[in-house]
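Asks: Quick one: this structure, given as structure tokens, is what I'll be asking you about.
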Amino acid sequence: MKISVIGTGYVGLIQAVGLANFGFKVIGIDIDDSKVKMLNNGICPLYEEGLEELLKKHTGKNLEFTTSYEKIKDSEVIFLCVGTPQDNNGNTDLKYIFSAVDNLKKHISGKKYLVVKSTVPIGTNQLLKERLNGYNIEIISNPEFLREGMALKDFLNPERIILGFDENDLSSKEILKYIYQYFIEKNIPLILTNYETAEMIKYASNAFLATKISFINELSKLADKTNADIKTVSYAMGLDDRIGKKFLNAGIGYGGSCFPKDVKSLTKQFESKGIDPKLMTATDSVNENQVKWFFEKIKNYYGDISGKTFAVLGLAFKPDTDDLRESASIKLIDLLLKEDAIIKGFDNVKRARENAYNMYTLDKSKAFYGYNLYILDSLVEAVTGVDGIIFAVEDTKFNTIDFENIFNMVNEKVIFDGRNIIDNEKIKKIEFEYIGVGLR
Ligand SMILES: NC(=O)c1ccc[n+]([C@@H]2O[C@H](COP(=O)([O-])OP(=O)(O)OC[C@H]3O[C@@H](n4cnc5c(N)ncnc54)[C@H](O)[C@@H]3O)[C@@H](O)[C@H]2O)c1
């Protein structure tokens, strides 16, 4: 069976490479010519562990990339994986979805199945059905749940597969079961439902996790004022398996290409139906403020941060990825730079460092602040001579740092742990000042 994947970003590329690895003949389509060229040369345009090896293994054999929609005509099944960013008002902008579908229309010959993996507001698959009315095509909603940083593992071991169908569509179920045979044999739960339920499951899952994070972040402020230790609170809460320990670590807030925009989009979806989304609004607002609140803690420590130099460790929105979209670390760096601090940034992922460098030199809105920013390839270089070390990404690898050694390299002995990842008792014994989120 021939399969096309439209959009070869974090979701589409994993899907294309993963399906090629299952033995399908796959064509990846993207409007970005430079990305397509890289991919056809076996070069991965994004960082995800293990992805480049698999890309090299299959490219030129059963996997190819193109900017031409014409190649779609040979594919029976088409996965739609283009971005769904937010517009200026927080609504989901469906321009990439509509443009892809309109391009696709021109090349439909014979029966096709369009599997929508992009995260789209409730009602969108029905809207696409109407847009494709009169064409020999079925639409299946199949939201994606992979986590960047472990995307290949998630592709092979999803916790569930959600498939939303049109009630009159009798053939899609068999096609999807054939493609997802590997998962069915592994007894991965398959939820077969309607479009709207499938669409809501995706938003509900992301919004719930985001709410959990904002919940503990809000509590962390109270902990700060009351001598409670938020890390112990999280740990104790997490032992209750009705609550669970994941997504319960206080920090400088969630980021990435999904949670912030999906929470905002869900808020707008409520509002469009005349419902006041109190919980979603609060989740978003707590998150927006969390990084500013931590920034104020840093500022209060010094009084004036102008001319102070900080090592910011961790640049991406989470560990093991190069994705800087909505990264809380970048937001914190911006706040520091705007008050004339000097930043020495480092991330354990090389591509994250490169992306940050490019962002502060090429992005016109940021280039001005980039004068006081240095992206360094070594952690030791980043911390040497600084007035404070800031941990901004939940990367536990930073805990292996030799803090005793670093003690003599820094100017001021203070650590701001924006993710509560560092062993604060150990740090204090070395006589570093330690300031965390909701703990001292
Ligand atoms: N990144 C994640 O971790 C993740 C996880 C689950 C779901 N999602 C959802 O999956 C979707 C894709 O996310 P992503 O992170 O992969 O996005 P991305 O921005 O990394 O990739 C999107 C790709 O689509 C391409 N594109 C845009 N318009 C196109 C068109 N008309 N034809 C062909 N290609 C086109 C872009 O050039 C880009 O390469 C979004 O809806 C997102 O919310 C993302």
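Asks: Add +1 for every Lys or Arg and -1 for every Asp or Glu among the other residues with Cβ under 15 Å from the Cβ of GLY110, and state the total.
Replies: +3
Asks: Past 30 Å, Cα to Cα: identify those pairs from LYS153/LYS344; LYS112/LYS202; LYS106/LYS186, in the order given.
Replies: LYS153/LYS344; LYS106/LYS186
Asks: Suppose R0 equals 56 Å. What FRET efficiency, 1/(1 + (r/R0)^6) with r the Cβ-Cβ distance, do THR396 and SER171 give to the nearest 0.05? Provide the component values of the computation, followed by the final result.
Replies: Details: r = 47 Å, r/R0 = 0.84.
Computed FRET efficiency for THR396 and SER171 comes out at 0.75.
Asks: What whole-number distance in Å separates the alpha-carbon centres of the range 377-440 and the range 299-356?
Replies: If you average the Cα positions of each part, the centres end up 14 Å apart.
Asks: For a quick protection proxy, order the peptides 76-85, 109-118 by their average other-Cβ count within 10 Å, most packed first.
Replies: Answer by packing, highest mean first, reads 76-85, 109-118.
Asks: Then there's this: For THR197 and LEU222 in the same chain, what is the full-extension length gain: residue separation times 0.36 nm, less their Cα-Cα distance, in nm?
Replies: Length difference between fully extended and current span is 5.3 nm.
Asks: So if R0 is 30 Å, what FRET efficiency would ASN41 and TYR178 give, r being the distance between their Cβ atoms, rounded to the nearest 0.05?
Replies: 0.45
Asks: Just to confirm, what accessible area per residue do you get for the chain at 1.4 Å probe, in whole Å²?
Replies: Details: 19870 Å² over 440 residues.
Dividing the accessible area of the chain by its residue count gives 45 Å².
Asks: Could you work out how far the C-alpha centroid of the range 1-26 sits from that of the range 207-226, in angstrom?
Replies: 38
Asks: Using only the alpha-carbon atoms, how far is helix 259-272 inclined from the longest principal axis of the chain? Give it as 0 to 90 degrees, nearest 10.
Replies: It works out to around 60 degrees.
Asks: Let me ask something else. With only alpha-carbon pairs counted, each pair once and no self-pairs, how large is the Kirkwood hydrodynamic radius of the range 205-435 in angstroms?
Replies: Numbers: mean 1/r = 0.0547 Å⁻¹.
Its Kirkwood hydrodynamic radius stands at 18.3 Å.
Asks: As a test of the formula, what do you get for the chain when each DSSP H run with n ≥ 4 contributes -39,500 (n - 2.57) and the sum is divided by the residue count, at 222 nm and rounded to the nearest 500 deg cm²/dmol? Don't skip to the end; give the middle numbers.
Replies: Working: 18 runs with 190 residues, N = 440.
Counting only the DSSP helices, I get -13000 deg cm²/dmol.
Asks: Another one. How many angstrom lie between the C-alpha centres of the range 227-259 and the range 101-169?
Replies: Cα centres, the range 227-259 to the range 101-169: 33 Å.
Asks: Then there is this: Full-extension gain between ILE188 and LYS57, please, as 0.36 nm times their residue separation minus the C-alpha to C-alpha distance.
Replies: Length gained between ILE188 and LYS57: 44.5 nm.
Asks: Of the cross-linked pairs LYS225/LYS297; LYS212/LYS297; LYS308/LYS338; LYS212/LYS278, which ones have a Cα-Cα span greater than 18 Å in the structure shown?
Replies: Exceeds cut-off: LYS212/LYS297.
Asks: To continue, here is another question. If the limit is 29 Å between Cα atoms, which of LYS56/LYS245; LYS35/LYS61; LYS129/LYS268 go over it? Before the final figure, lay out the partial values.
Replies: On the way: LYS56/LYS245 38 Å; LYS35/LYS61 18 Å; LYS129/LYS268 22 Å.
The pairs that break the limit, which is 29 Å between Cα atoms, are LYS56/LYS245.
Asks: Now, a different point. Report the normalised scattering of the range 2-188 as log10 I(q)/I(0) at q = 0.08 Å⁻¹, calculated by the Debye formula with identical scatterers on the alpha carbons.
Replies: Here log10 of I(q) over I(0) equals -0.23.
Asks: Roughly what angle does helix 328-338 make with the longest principal axis of the chain, taking Cα atoms, 0 to 90 degrees, to the nearest 10?
Replies: On a 0 to 90 degree scale, this one is about 50.
Asks: Roughly what % antiparallel, to the nearest 5, for the DSSP beta bridges in the chain? Could you put the intermediate results ahead of the total?
Replies: Working: 2 of 48 bridges.
Taking every DSSP beta bridge with both residues in the chain, the antiparallel ones total about 5 percent.
Asks: Counting only the backbone N, which residues of the range 145-162 are under 15 Å from the spot 7 Å out from the Cα of LYS246 toward its beta-carbon?
Replies: 145-161
Asks: So, with a 1.4 angstrom probe, what is the percent of accessible area on the range 240-391 that is carbon and sulfur?
Replies: 53
Asks: Kirkwood hydrodynamic radius, computed over distinct alpha-carbon pairs, for the chain: how many Å, to one decimal?
Replies: Over the chain, the inverse of the mean reciprocal pair distance is 23.3 Å.
The values are calculated or read from the model by the stated rules, or taken from the named source; none is laboratory data. Treat the numbers as computed from the prediction; the structure is a model and nothing was measured. Every residue, glycine as well, gets a Cβ built from its backbone with ideal geometry; the counts of neighbours run over all protein chains shown. The protein model used for the area step is the full one, side chains on, heavy atoms only, and it has no ligands, DNA or RNA in it. Shrake-Rupley method; radii C 1.70, N 1.55, O 1.52, S 1.80 Å.
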